[in-house]
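Colleague: The structure's right below; bear with me while I get my questions together.
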2 protein chains.
Amino acid sequence: MDIAEVAKASGLPASTLRFYEEKGLIQSNGRFGLRRLFSANVIERLALISLGRSAGFSLDEIGEMFTPEGPDINRTLLLAKADELDSKIKALTSMRDGLRHSAACNAPNHFECPKFLRLLRVAGKNRFRQANIKLKRKVRTYLP
Amino acid sequence: MDIAEVAKASGLPASTLRFYEEKGLIQSNGRFGLRRLFSANVIERLALISLGRSAGFSLDEIGEMFTPEGPDINRTLLLAKADELDSKIKALTSMRDGLRHSAACNAPNHFECPKFLRLLRVAGKNRFRQANIKLKRKVRTYLP
DNA sequence: GCTTGACTTCAAGTTGACTTGAGCTTTTAT
DNA sequence: ATAAAAGCTCAAGTCAACTTGAAGTCAAGC
C-alpha cells in the first residue's frame, strides 16, 4: 500500500504516518522510487496506536508496549497499564454520571447540589494526573 | 486560605493555581497585601477540574461547563460530553481487556493472537481522537 | 529596622504530538 | 514530452498546559 491508502484506511494524515515511522511506531517495508510502501498489517498497528492514544498513553509508552525489553518486564508493564486504565475508567464513569446528573438537576449551581458533590468526592478518591504529565513533573518544592 | 494551603489541599503547585486563575477557571476572592486569598470551595472546584482533565477534557472545555451560556445550551452540552465519555469508557475498557489478555497470552506476538485482534477490531468501531486534538485539526486535504 | 521567606508579576522556556512550508524528485495522466 | 499530482526530506512552527526565572513586594520574627 502506498501512504495515501494507509492514510485513507487509518484516517490519519500522511504527515502523521511519516512522523510515526520516524518514531519507530510503524515500519514501511521498502520503497517504490522515493515512496514508502506499507504492508496491510500496519492498519492494525495504527488502530492499536489510536486506541492507546485515546486511552491517554503517550507515544513513547505505546512504543514500549510494542517492544518488550524482557519477557517478564513486559508482562508486568502491561498489567500495570491495565490497572492504570481501571482507575481512569472509574474516574470517567463518575465524571459521566456527574454530567448526566447535572443536566437533569435543577439546583441553581452544581456546587450546591449534594448529589453532585458526593460524586465529586467519590471520584476524588482515586485521583491522578494524566500519565505523561505525571511522568515529567518533578518533585514539588511547594510542600514542607 | 492562602495559595500554599490551596496547593497543599489540592495537590497542585501554586504556579498552576495562578495559571488557572488567569484562565478564569478559579477565582481568588481578595488579597492580603499582594497575596491571593481563596475561599474553601475552590478545593471542590479544583477537584472537578482535575477530574475533567483526567477524563481528557481541555481546560477550555472545562471552562465552558462552568459558565453556562444559556440554560438549554448548557444542558445539551453536558449530555453531549457525557456521551463522549461513554465511548471513551468503552475504548478504555477494551484497551484494558486487551492489555490483560496480552499479559496472560502466550502467543509470540500480540498481532498473532486472534483474541487480541478481535478486541482491537471491536474497539476500533468507536474510534475517535482526543477531543482537544480533534477540535483543532483542520479538514484534511489528503483524501480525494 | 532589617533580614528572610513566602508571595507577586511578567516574559520566556518546555514538552509532546503533530503540522506546515520550502524546495526537490518521481509517477501518472494528457 | 510535459505538466500536474503525489511523495519526499528537513527545518521550523503551533498548541495546550504548565514551569521556570528574574526581579520586585511585603508581613513576620529576631
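The values are calculated or read from the model by the stated rules, or taken from the named source; none is laboratory data. Predicted model only: the values in this text are computed from it and were never measured. We place every Cβ from the backbone using ideal geometry, glycine too, and count neighbours over all the protein chains shown. All accessible areas refer to the heavy atoms of the entire protein, side chains included, with ligands and DNA or RNA removed. Shrake-Rupley method; radii C 1.70, N 1.55, O 1.52, S 1.80 Å.
Colleague: Would you mind computing the Rg to Rh ratio of the range A:3-66 from its alpha-carbon coordinates, Kirkwood style for Rh?
Modeller: 0.96
Colleague: A:I43: accessible area at probe 1.4 Å, nearest 10 Å²?
Modeller: 50
Colleague: How many nanometers, to one decimal and shortest first, lie between the label point of B:K23 and those of its other copies, if labels sit 7 Å from Cα toward Cβ?
Modeller: The answer, with the shortest distance listed first, is 2.2 nm.
Colleague: Distances from B:L117 to the same position in the other copies: list them in nm, one decimal, shortest first, using label points 7 Å from Cα along Cα→Cβ.
Modeller: Spacings between copies for this position, smallest first, are 5.4 nm.
Colleague: Right, something else. Assuming R0 = 51 Å, can you tell me the calculated FRET efficiency for the pair B:D2 and B:L117, based on Cβ-Cβ distance, to the nearest 0.05?
Modeller: Once the sixth-power term is evaluated, E becomes 0.40.
Colleague: Something else: Say a label goes 7 Å from Cα toward Cβ at A:R35 in every copy; what distances in nm does this one have to the rest, shortest first?
Modeller: Copy-to-copy label distances for A:R35: 6.7 nm.
Colleague: Give me a single rounded figure for B:40-48: the average over its residues of other chain Cβ atoms within 10 Å of their Cβ.
Modeller: Going residue by residue through B:40-48 and averaging, the value is 3.
Colleague: Which of rounded, prolate, oblate describes the range A:1-40, given a ≥ b ≥ c as roots of the alpha-carbon gyration tensor eigenvalues and a/c under 1.5 marking rounded, otherwise prolate only if a/b is larger than b/c?
Modeller: oblate
Colleague: Using a 1.4 Å probe on protein heavy atoms only, how many Å² of accessible area do A and B hide from each other, summed over both chains and rounded to 100?
Modeller: 5400
Colleague: Still on this model: Could I have the simple spin-label model distance between B:A9 and B:D83, label points 7 Å from Cα toward Cβ, reported in nm to one decimal?
Modeller: 3.8
Colleague: Whenever you get a sec, line up B:S87, B:S54 from highest to lowest accessible area (probe 1.4 Å, protein heavy atoms).
Modeller: B:S87, B:S54
Colleague: How big is the accessible area of B:M1 in square angstrom, nearest 10, if you roll a 1.4 angstrom probe over the protein chains?
Modeller: We get 70 Å² for B:M1.
Colleague: Can you give me the accessible area per residue for the range B:3-55, using a 1.4 Å probe, in Å²?
Modeller: 50
Colleague: From the phi angles alone, apply the Karplus equation (6.51, -1.76, 1.60; θ = phi - 60°) to the range A:32-44 and give each ³J(HN,Hα) in whole Hz, x where the residue is Gly or Pro.
Modeller: Here the 3J(HN,Hα) series is 10, x, 7, 6, 5, 10, 10, 8, 4, 5, 4, 5, 5 Hz.
Colleague: Only sites in a loop by DSSP and with at most 10 other Cβ atoms within 10 Å count here; which GluC sites (Glu not before Pro) in the range A:1-81 make the cut?
Modeller: Counting only loop positions with at most 10 other Cβ atoms within 10 Å, the GluC sites (Glu not before Pro) in the range A:1-81 are A:E69.
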